[in-house]
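*Asks:* Let me begin by handing over the structure; questions about it come next.
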Amino acid sequence: MIDSTALGNLSQELSQDLNLSGSDNISYGESHLSKVIYFLDLYINFVLLSILIVFSMGANIVNMMVLVKQGVTSCVSVCLFSISATDFLSTLSGFTGMPPKILMTLHMRPGFDPTAIYYMLAYLAYIFSDISNTLTAFLSLERCLCVSLPLQFKEIFTTKRTVMVIVCIYLVCFGSMMPHFLSSGFVFRTSGNSTYLALWLSPDRATVDVYIDIRNFIQTTLILGVVLVCTSLMLISLQRSSKFNKASAKESEPSTRSTDLSQRTSTELRNMPRAGGKGGEEKGKPGTEIKERKTPSKDQHTIEDSEPDGQIRNDNKARKQNKNSKLSRNRKVIKTVVMLGVFCFACNLPRVAASAAIFLEPRLKVGREYYKWYQLMISINYVFQLSNYSLNIFVYYRYNQSFRETLRHLFGLKTNT
């Protein structure tokens, strides 16, 4: 799978009806190393990528089903559903690009140029990838602001505003790629006695390619910068929260012990028999039984008077448990967003490195001296991209208890009670 940078550099060669598969055969057959790289690239494109594409599509379908079952009502759930849907669309575009890629490798042209179909689908997959990364950056920014400055931003990121931001992200990402759609398309060409569907590129396509290269590099760098900063701040917040909870637990232990001790002491004092000079003399008298009957009634009143205090303590304990439960859920949400940011950053680093290498080495392009390395580099980048799409389900399953229970219930598995 070739991303937009590769296809952008390829446009001039394609406009002159360059047969990629044939040129690949010639260049890769020149040396033993070229053959190794060629077959390695075939393995990545038709074996490894096929497995990752199928798994990624299935995983994101499951993600969307579980999230809908849970209810897409909060800001976080809306973002997670949008990320899963966008990942699915990007993977679906790559999946539909596999048959044209096979036809290109087999040197076949069944009424249309497979390179043209592959070209357009690769760009579409790349745009959805940009949208997914931008959504991840927005989610990281939203959680980071709500954790760092909760009073200022907690009420800003509502569900309705989140939906509006997601729509704007889609519009901006597709709008910024409008020069591509305006400078490329399909056209019918004649070769001998046959007519076939081919790729059309405008005369100023080379200028558009430069714009797309700059746009892709800037957007990816900004996304990774936002994800890195927000993830680091959330990790610091988690560490501080963990230290504070441990310190609070240690401070509450002595006070709890002293409270229990005072309660036991007061109970023992209430239950002790009253000492007095007449008590021993009256022990055996007939009226003593009546007095002894009255004494439990005083203890009973004392216990009844103490019941409201016990109820208050129980209410305080319930409120404390509820607060701890909310804090625990918030920490798990933060951990989920942090892990999504970590995977997004790690899986997009090769893409930034590839863009930098292309700028530094002009021969690392289509039709140039290092084209075979370039093609392998693009295939490896797509492996990382699909890996990012596939890992999200494991993050949700690990850190979201509701997601885990809903998923197990959806597939008829036993839930942990």
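The values are calculated or read from the model by the stated rules, or taken from the named source; none is laboratory data. Because the structure is predicted, anything quoted here is derived from the model rather than measured. Neighbour counts are summed over all protein chains in view; Cβ atoms, including those assigned to glycine, are modelled from backbone coordinates with ideal geometry.
*Asks:* Restricting attention to the stretch 331-343, does a residue exist that is of a type in the set (A, V, I, L, M, F, W, C), surrounded by fewer than 16 Cβ atoms within 10 Å (Cβ to Cβ) and in a helix (DSSP H, G or I)?
*Replies:* Going residue by residue through the stretch 331-343, those that are of a type in the set (A, V, I, L, M, F, W, C) are 333-334, 337-340, 342-343.
Still in the running and surrounded by fewer than 16 Cβ atoms within 10 Å (Cβ to Cβ): none.
Taking every residue of the stretch 331-343 in turn, none turns out to be of a type in the set (A, V, I, L, M, F, W, C), surrounded by fewer than 16 Cβ atoms within 10 Å (Cβ to Cβ) and in a helix (DSSP H, G or I).
*Asks:* Need pairs with beta-carbon distance below 8 Å; first residue touching a residue at least 60 places away in the same chain (Cβ under 8 Å) and more than 13 Å from Gly111 (Cβ to Cβ) and within the stretch 183-207, second surrounded by 16 or more Cβ atoms within 10 Å (Cβ to Cβ) and β-branched (Val, Ile, Thr); sequence gap 6+ or separate chains.
*Replies:* Partner pairs satisfying both residue conditions: Leu199/Thr115.
*Asks:* On the basis of being touching a strand residue (DSSP E or B) at 6+ places or on another chain (Cβ under 7 Å) and either of a type in the set (Lys, Arg) or not in a helix (DSSP H, G or I) (or both), does Arg109 make the cut?
*Replies:* Here the answer is yes, as Arg109 does meet what is asked.
*Asks:* While we're on this one: Could you tell me which of the residues Lys101, Lys160 is touching a residue at least 12 places away in the same chain (Cβ under 8 Å) and of a type in the set (D, E, K, R)?
*Replies:* Selected residue: Lys101, the only one of Lys101, Lys160 that is touching a residue at least 12 places away in the same chain (Cβ under 8 Å) and of a type in the set (D, E, K, R).
*Asks:* Residues that are modelled with pLDDT of 90 or more and of a type outside the set (Phe, Trp, Tyr): list the helices (runs of 4 or more DSSP H) wholly contained in the stretch 129-243 that include at least 3 such residues. Steps first, please.
*Replies:* Working: elements: 150-153, 159-176, 178-182.
Hits in the stretch 129-243: 159-176, 178-182.
*Asks:* Which condition number does Tyr126 fail, the rest of (1) in a helix (DSSP H, G or I); (2) touching a residue at least 60 places away in the same chain (Cβ under 8 Å); (3) over 20 Å from Gly185 (Cα atoms) being met?
*Replies:* (3) is the only condition that Tyr126 fails.
*Asks:* Restricting attention to the stretch 358-412, which residues are outside any helix (DSSP H, G or I) and either at pLDDT 80 or above or in contact with a Lys or Arg (Cβ under 8 Å, 6 or more places away or on another chain) (or both)?
*Replies:* Pro362, Glu369, Tyr370, Asn400, Phe411, Gly412, listed by residue number.
*Asks:* How about the stretch 59-101: which of its residues are crowded, with 21+ Cβ neighbours inside 10 Å and assigned to a loop (DSSP other than H, G, I, E, B)?
*Replies:* Answer for the stretch 59-101, where residues must be crowded, with 21+ Cβ neighbours inside 10 Å and assigned to a loop (DSSP other than H, G, I, E, B): just Gly97.
*Asks:* Same structure again: Do the conditions hold for His107, that is, is it surrounded by fewer than 20 Cβ atoms within 10 Å (Cβ to Cβ) and in contact (Cβ under 8 Å) with a residue 60 or more places away in the chain?
*Replies:* yes
*Asks:* Which of the residues spanning the stretch 13-58 are hydroxyl-bearing (Ser, Thr, Tyr) and either surrounded by fewer than 13 Cβ atoms within 10 Å (Cβ to Cβ) or modelled with pLDDT of 70 or more (or both)?
*Replies:* Ser31, Ser34, Tyr38, Tyr43, Ser50, Ser56
*Asks:* Could you run through the stretch 353-388 and say how many residues are of a type in the set (Phe, Trp, Tyr) and surrounded by 19 or more Cβ atoms within 10 Å (Cβ to Cβ)?
*Replies:* Residues meeting the conditions: 3.
*Asks:* Which of (1) surrounded by 21 or more Cβ atoms within 10 Å (Cβ to Cβ); (2) touching a Cys at 6+ places or on another chain (Cβ under 9 Å); (3) under 19 Å from Ala85 (Cβ atoms) does Ala125 not meet, given it meets every other one?
*Replies:* (2)
*Asks:* Could you list all residues from the stretch 130-145 that are crowded, with 22+ Cβ neighbours inside 10 Å and more than 13 Å from the chain's Cα centre (by Cα)?
*Replies:* Asp130, Cys144
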